[in-house]
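*Asks:* Dumping the structure here so I can ask a few things about it.
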Amino acid sequence: MDDEMLYEKLMSVKGIGPWSVHMFMIFTLHRPDVLPVGDLVVRRGVEKLYGLKGLPSPSQMEEKVFEDVKALV
């Protein structure tokens, strides 16, 4: 099952949100290419790592970081 389909299936379960799906994919399925773009701690880390003047939006995270992360795995 691809990430998108898994995301949709899990999100359809009441009480499961994006953060839970991302953490499941990272820690249970061992998918290192998943970036929890809505996670505040991850966003703060990206802000500091890239020297940004404010919190990056989820779309900025995908643009700035996700390509770098994908290239590493």
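Each reported figure results from applying straightforward, stated rules to the coordinates on display, with no laboratory input. Keep in mind that this is a model prediction, so the values were computed, not measured. Every residue, glycine as well, gets a Cβ built from its backbone with ideal geometry; the counts of neighbours run over all protein chains shown.
*Asks:* If packing is taken as the mean number of other Cβ atoms within 10 Å per residue, what is the order of 41-47, 20-26, 10-16, highest first?
*Replies:* Working: 41-47: 14.9, 20-26: 16.9, 10-16: 10.0.
Averaged packing, sorted descending, gives the order 20-26, 41-47, 10-16.
*Asks:* Further, regarding this structure: Rule-of-thumb check for the chain: C-alpha Rg over 2.2 N^0.38 Å? Could the numbers behind the result be given before it?
*Replies:* On the way: Rg = 12.9 Å, N = 73, 2.2 N^0.38 = 11.2 Å.
The chain yields a ratio of 1.15.
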